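Below: one structure, written as structure tokens.
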Amino acid sequence: MPITSSHVAKLLKLLRMWSFALVPFFIIVVVFFILYRGLSVDPRDLAASGAVDKPIPTVRLSNLYQWNTFINSQDLQPVESPIGNWYLMNVWATWCTNCQNEHPFLMDLARQGIVIYGIDYRDTLKNGQDWLTKYGNPYRLVLWDGRGVGVFKWGVYSVPETFLVDPDGMIRFQQAGPLTAQLWNQQWLPFIQEQNKLRKASALSAGLS
């Protein structure tokens, strides 16, 4: 049977109908794939991609208790503690459930003499101050990032997030999510102890040369 213009028109109409039906299907497939990839990626891998083994960023923020006093993160001085001149930078918020879950362990570290600096993220001054009054203040100093802009220079996209800073001001570890006793005792503390041994050996070697 010869193909007529009528047949062609019907075929084109059928193809258009199928295309309209398939477009939403393909959109759904693409969206599902994107969501699946996003959920399958560990947020720790995303967060720790840029800050580790780099100097702490230059960020100028207010003191939580003296909002008109500004402090540059580069000016945070290492303080002698049981682990040497290392310190933690913890980013937290009063509205963050995981921050509240993490807080007792930070209090425990502070009682051991570990130096912790804090950044209160996207909070009001009063909320931050009241929260620390209620749950305890483990921080040597608390900076306030009410607009949530300064922490981006640290590579922070969610809270809580904690950075381990060495005596030279270099970020050595970055934890996206609560800092736990298991992580501290099995990874961070052994690393600090090993690095301190290397630093001591290097200093002795330099003194003898």
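Here are a few things to note about the model shown:
- Within the stretch 153-174, tally of residues that are in contact with a Pro (Cβ under 9 Å, 6 or more places away or on another chain), closer than 19 Å to residue 94 by Cα and modelled with pLDDT under 95: 2
- The lone exception for residue 190 - which of (1) in contact with a Ser or Thr (Cβ under 8 Å, 6 or more places away or on another chain); (2) assigned to a helix (DSSP H, G or I) it fails: (1)
- Scanning the stretch 193-203 for any residue that is aliphatic (A, V, I, L, M), closer than 27 Å to residue 97 by Cβ and surrounded by fewer than 16 Cβ atoms within 10 Å (Cβ to Cβ) turns up nothing.
- Residue within the stretch 165-176 that is assigned by TED's automatic domain parsing to the domain that holds residue 69, assigned to a helix (DSSP H, G or I) and farther than 16 Å from residue 62 by Cβ present: no
- Positions within the stretch 139-164 being surrounded by fewer than 22 Cβ atoms within 10 Å (Cβ to Cβ), part of a loop (DSSP other than H, G, I, E, B) and not hydroxyl-bearing (Ser, Thr, Tyr), in sequence order: 140, 146, 147, 148, 149, 155
- The set of residues from the stretch 178-192 being surrounded by 10 or more Cβ atoms within 10 Å (Cβ to Cβ) and within 20 Å of residue 101 (Cβ to Cβ) comprises 178, 179, 180, 181, 183, 184, 185, 186, 187, 188.
The values are calculated or read from the model by the stated rules, or taken from the named source; none is laboratory data. Treat the numbers as computed from the prediction; the structure is a model and nothing was measured. Virtual Cβ from ideal backbone geometry, glycine too; neighbours counted across all protein chains shown.
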